[in-house]
Amino acid sequence: MSSSRPAATRVLRLRVKDKHASWLSGLAREVNTIFNYCNELSVKVFERERRFLSGFDFWPFLKGVTRGDCALHLPVQAVQEIAEEYARRRRQHRKVRLAWRKSGGARRSLGWIPFKVRTIRYRGGQVYFAGRWLSLWDSDPERSTPRSRIGEKISCTN
C-alpha cells in the first residue's frame, strides 16, 4: 500500500501598495476586454455551429493580442488563463452568454488579474509581474523578520 500525504497549501495574504493601483486598474480593464471578447465570440460560434468553445479553442482567436502596436500589457499566460476561466464559468452556469464585465460606472465589475505561478517572481518583499516590480504590504510580522530574530524579545530597562 502506498501512503500518500495530502499536499499542503500555503496561503499568503499580502496587499499591493496603492502606488500601483492605476497600473493594475488598467490591466483589469484589459482583462475585462478579453473576457467580453470571449463572451461575444462564444455566442457567435454557438449560433453558427451549435457548439461551445473550450479554453483551448479560444487560443487561435487570441493569438497575437499581446504583440504589435495595439498590444495589451498582459502576459500571454494571463490571456490564456482568462479564456480558460471564461470557459469554466460558462460551463459551470450552463449559459450560452455570461454577463458583460463592465470596467466603469457605478455597477462595474470587481477587477481581477489572473496569473500562473511561472509568470511571477517574489523577492525582497516585491512581486515581479508583467515587467514590473510591485511593492507589497505584509501584515504578518513573523514572515517579514529574518529567521534569526523570530525568537528574540526586545526589552527596555531604565
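The values are calculated or read from the model by the stated rules, or taken from the named source; none is laboratory data. In this text, all values refer to a predicted model and were calculated from it rather than measured experimentally. Quick reminder, even Gly has a Cβ in these numbers, built from the backbone with ideal geometry, and neighbours come from all protein chains shown.
Taking the criterion of being surrounded by 11 or more Cβ atoms within 10 Å (Cβ to Cβ) and aliphatic (A, V, I, L, M), the residues of region 100-120 that qualify are Ile113, Ile120. From the list Ser103, Ser155, exactly one residue is at pLDDT below 90 and at negative phi. Which is it? Residue meeting the stated conditions: Ser155. Of the residues making up region 27-52, those that are within 27 Å of Leu110 (Cα to Cα) and either assigned to a helix (DSSP H, G or I) or among the small types (Gly, Ala, Ser) (or both) number 18. Evaluate the following for Arg89: is it modelled with pLDDT under 90, under 28 Å from Ser22 (Cβ atoms) and outside any loop (DSSP other than H, G, I, E, B)? Criteria not met by Arg89.
Residue pairs whose Cβ atoms lie under 8 Å apart, sitting 6 or more positions apart in sequence or on different chains, and linking a residue in region 70-81 that is closer than 9 Å to Thr119 by Cβ to a partner that is at pLDDT 90 or above and in a helix (DSSP H, G or I), are Ala78/Val31. Against the conditions (1) within 17 Å of the chain's Cα centre (by Cα); (2) without any contact (Cβ under 8 Å) to a residue 24 or more places away in the chain; (3) surrounded by 15 or more Cβ atoms within 10 Å (Cβ to Cβ), Ala21 satisfies every one except (3).
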